[in-house]
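The values are calculated or read from the model by the stated rules, or taken from the named source; none is laboratory data. Keep in mind that this is a model prediction, so the values were computed, not measured. Note: ideal-geometry Cβ built from the backbone for every residue, glycine included; neighbour counts use all protein chains shown.
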């Protein structure tokens, strides 16, 4: 007894639902493999050095101060109470420049890789120290300690050698630690300031080689800040609160320049709040930087590809159905299921191969394998090598369109919409003369 059209459509729908369940399992596998890769990257960072952030230089002047305050006891008697407090004055540079060359390298653990960088940084900071340190007549209550300039480094394990520094053209020794709660880990250098009786100008120059992983950030501490970075990494993602004012991307790497001022960063006000509160969490809020992580890795691309699986399965089954309708070549549900299984296994092949040979080569190999297998099988199902070859060519075009969708993220919606419209147009044109009411009787007649 001939199957009705409704039964055929219901069977195809059931097969599609079962294949989507299988694809959801592959999707969970993608998430699992991505999490494992991220864990390996974190392990590599823990054993070498993590993300790096440069905060500073900052001029620090320790002080002690006698505070006198009148207090009233329980009997209403007033007396003068004195106590000693200690703290630090902080000054940001008038002009801060940083230029860096940041070549990258890959470190592998098993099949997973992490991208590290060796930053060769040149830092220049010009400080203008005001008369009486800006305290005016209150300076008499202060006693000052030796001043120093501190540079914060978020992960001090990445500080490489040799570190060199010069203060007003004279070589000085960099010492470990920052000596201030304003910054965490880092280095500092003693600063020979004559005293608060006169204004002073200081210029610090230092070379800082730094090892890091994934991301690099700089806090633009200067009243005027100029930052220039270059690297051999061709896929930078610029992060932070300020985008580069100039940038150039090529297949050999990138160059980028940033320029900021106190008007845009508001760091001077943040520093005053830090001094009032004794600790600071907002100084490093404003920063510029670059990420060396591949913005679209093989896991993200495979996950995006699997989102188009329903479209692939539907279009392939639609091709079978058209042969059934137009050529009166009945296709058994088992044959639908085997072809659908091959389409689903494409994504598993793509995931496993991309971990070893890269996404592009993996996509080519997985799609070629599936097109060849399905084309060979369909040539026997449809009892014609020409039909099998045509079906395989059509499937190859679909895989090519999918790769285009994955590569052109900005135009993915437009390309997908045009593809669907083109397929719908082809189906409507091919079936424009089909009398659907006669299909259940095993005949195809023109309306």
**Asked** Is segment 263-276 home to any residue that is modelled with pLDDT of 85 or more, out of contact with any helix residue (DSSP H, G or I) (no Cβ under 9 Å at 6 or more places or on another chain) and more than 21 Å from residue 60 (Cβ to Cβ)?
**Response** no
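Quick test for you: out of 171, 190, 199, pick the one residue that is more than 15 Å from residue 121 (Cβ to Cβ), surrounded by fewer than 19 Cβ atoms within 10 Å (Cβ to Cβ) and in contact with a helix residue (DSSP H, G or I) (Cβ under 7 Å, 6 or more places away or on another chain).
Criteria check complete, one pass: 199.
Which of the residues belonging to segment 167-182 are on the phi < 0 side of the Ramachandran plot and assigned to a loop (DSSP other than H, G, I, E, B)? Before you say what the answer is, go through the steps one by one.
Kept after step one, since they are on the phi < 0 side of the Ramachandran plot, are these residues of segment 167-182: 167, 170-176, 178, 180-182.
173, 174, 178, 180, 181, 182 - these are the residues of segment 167-182 that are on the phi < 0 side of the Ramachandran plot and assigned to a loop (DSSP other than H, G, I, E, B).
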**Prompt:** Which helices (runs of 4 or more DSSP H) sit wholly inside segment 287-403 and have at least 3 residues that are in contact with a helix residue (DSSP H, G or I) (Cβ under 6 Å, 6 or more places away or on another chain) and more than 30 Å from residue 115 (Cβ to Cβ)?
**Reply:** 309-326, 333-357, 359-381
**Message:** Of the conditions (1) closer than 27 Å to residue 66 by Cβ; (2) at pLDDT below 85; (3) out of contact with any helix residue (DSSP H, G or I) (no Cβ under 7 Å at 6 or more places or on another chain), residue 139 satisfies every one except a single condition; which number is it?
**Reply:** (3)
**Message:** Quick check on my filter: what residues within segment 58-113 are at pLDDT below 90, within 24 Å of residue 234 (Cα to Cα) and part of a loop (DSSP other than H, G, I, E, B)?
**Reply:** 111
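Within segment 183-254, which strands (runs of 3 or more DSSP E) (wholly inside it) include 3 or more residues that are touching a residue at least 40 places away in the same chain (Cβ under 8 Å)? Before you say what the answer is, go through the steps one by one.
Values: elements: 186-190, 200-213, 215-219, 224-231, 237-240, 246-250.
Passing ranges, in order: 186-190, 200-213, 215-219, 224-231, 237-240.
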**Complete:** Sole miss for residue 127 among (1) over 31 Å from the mean Cα position of the chain (by Cα); (2) surrounded by fewer than 18 Cβ atoms within 10 Å (Cβ to Cβ) is condition (2)
